[in-house]
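Colleague: Take this structure first; my questions come after.
The values are calculated or read from the model by the stated rules, or taken from the named source; none is laboratory data. Computed from a prediction, not measured in an experiment: that's the story for all the values here. Cβ placement follows ideal geometry from the backbone for every residue including glycine, while neighbour counts extend to all protein chains displayed.
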Amino acid sequence: MPVRPLPPNPSLDHLRYQAKDLRKAHSAHQREAAQRIREFHPRFHAAADAEIFSAPLSLADAQLTIAREHSFPSWTRLKAQVEKPSSSDQLKLPRHEQIEDPLFRCAVDLLDAGDVTGLKAHLNQHPHLVRQRVVFEGVNYFRNPTLLEFVAENPIRRGALPPNIVAVAKTILDAGADRSALNETLGLICSGRVPRECRVQLPLIAFLCDQGADPNSAMQSALGHGEFEAAQALLLHGAKLDLSAAAALGRTEDFNRLLSDASSDDRHRALALASQFGHIEIVKALLDAGEDPNRYNPVGTHSHSTPLHQAALAGHEDLVHLLVERGARLDMKDILWQGTPADWAAHAGNSELEAYLRAHQFANPQP
């Protein structure tokens, strides 16, 4: 789920009210509250709605959820940012411009320029840089990256990558980079459009997998962002074809083979991905198997929305009709913008779908 950016002049009182409202929503067993707590409170990671509702939620718990929802590690850090917002403009800069360490910033600039010779000399002189991490707050991801992770250009900083970026990555690894960053880097590459547009996504995937990155670690990132060439490359490098991958790729025969032995989490993720990409027969099979169309999508698959939101946004008309016929709620609102599926259809310019959804919502109001 994308994090909520702080407004230009945030109010600590307003944030405190948000925490109190979250506790009330938790007490009322609202699905939206469970989804937010599950994603942003570390104690409830992967917990089912019933587990979340049965556990007490203190004010401190609610405040921690609100802080992490705004991409701060604690309420204390969020409070400090609000009370002393001297760095608020800094958070809007591209990541490389936020780096305060001049040596690390120089390394990133050399990386972006594709200057292998200069980067090698710089890292020889300052070998600690390849294991150093920088900290970014107020962002959805890329919060604590190493130098290697900057080769993905994800999040977008300059909008381009040098054609010799594989050689740049090799230079960083040869200089002693922490190989624990391989999987994170692979995931960023597989979910970013800039590597694909610059035609370096597949070479980077091949290089990182050859260096020991786990192709399975990046599969869900690739699928959730519709980077299907990257997903196919991961399969070629040994990633497992599980139910959610088969659902996202529309591989119906493989999906049918895997369905009976799939876990509940895999079926939940498969429904989200198949709905997003319009694979109606797979969605139908999942609904027949008992999947609930009114659960929010799992983390990593647009978890602020439901399958119907995604189908309406993408304009999958037959799939929208199927979900509605099978009980998908028309009044459920997404967590970030509080829009119904009809609102999402309107946002995408799918006027016929919007009219269909609004007509059915009006004709069949839901409690």
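Colleague: Give the stretch 226-244 a look and list any residue that's surrounded by fewer than 19 Cβ atoms within 10 Å (Cβ to Cβ), within 15 Å of Gln276 (Cβ to Cβ) and not hydrophobic (A, V, I, L, M, F, W, C), or say none.
Modeller: Listed by number, the list holds a single entry, Gly226.
Colleague: State yes or no: is Arg267 under 20 Å from the mean Cα position of the chain (by Cα), among the basic types (Lys, Arg) and not assigned by TED's automatic domain parsing to the domain that holds Leu188?
Modeller: yes
Colleague: Among the residues of the stretch 162-188, write down those that are of a type in the set (D, E, K, R) and at pLDDT 95 or above.
Modeller: Lys170, Asp174, Glu184
To keep it simple, each residue is scored yes or no on (1) over 25 Å from the mean Cα position of the chain (by Cα); (2) not aliphatic (A, V, I, L, M).
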| site | (1), (2) |
| --- | --- |
| Val116 | yes, no |
| Leu119 | yes, no |
| Gln125 | yes, yes |
| Val135 | no, no |
| Asn140 | no, yes |
| Pro145 | no, yes |
| Glu149 | no, yes |
| Asn154 | no, yes |
| Pro162 | yes, yes |
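Colleague: Restricting attention to the stretch 276-303, which residues are more than 24 Å from Ala359 (Cα to Cα) and outside any helix (DSSP H, G or I)?
Modeller: Within the stretch 276-303, His279, Ala289, Gly290, Glu291, Asn297, Pro298, Val299, Gly300, Thr301, His302, Ser303 meet the criteria.
Colleague: Here are some residues: Ala289, Ala222, Ala274, Ala247. Which one is within 22 Å of Ser303 (Cβ to Cβ), surrounded by fewer than 23 Cβ atoms within 10 Å (Cβ to Cβ) and either out of contact with any His (no Cβ under 7 Å at 6 or more places or on another chain) or not charged (D, E, K, R) (or both)?
Modeller: Result: Ala289 is the single residue among Ala289, Ala222, Ala274, Ala247 that is within 22 Å of Ser303 (Cβ to Cβ), surrounded by fewer than 23 Cβ atoms within 10 Å (Cβ to Cβ) and either out of contact with any His (no Cβ under 7 Å at 6 or more places or on another chain) or not charged (D, E, K, R) (or both).
Colleague: Can you name every residue in the stretch 123-161 that is aromatic (Phe, Trp, Tyr) and at pLDDT 95 or above?
Modeller: Phe150
Colleague: Out of everything in the stretch 261-275 that is acidic (Asp, Glu) and in a helix (DSSP H, G or I), what residue ends up being modelled with the highest pLDDT?
Modeller: Top of the filtered list is Asp266.
Colleague: Let me ask something else. Would you pick out the residues in the stretch 124-164 that are buried (at least 21 other Cβ atoms within 10 Å of the Cβ) and in contact with a Gly (Cβ under 7 Å, 6 or more places away or on another chain)?
Modeller: Once the filter is applied, which keeps residues that are buried (at least 21 other Cβ atoms within 10 Å of the Cβ) and in contact with a Gly (Cβ under 7 Å, 6 or more places away or on another chain), the stretch 124-164 yields Ala152, Glu153, Asn154.
Colleague: Does the stretch 195-213 include one or more residues that are within 20 Å of Asn144 (Cα to Cα), at pLDDT 95 or above and out of contact with any Ser or Thr (no Cβ under 9 Å at 6 or more places or on another chain)?
Modeller: no
Colleague: Select the helices (runs of 4 or more DSSP H) contained entirely in the stretch 1-110, then report the ones holding at least 3 residues which are of a type in the set (A, V, I, L, M).
Modeller: Per the criteria, 12-27, 31-40, 59-69, 75-83.
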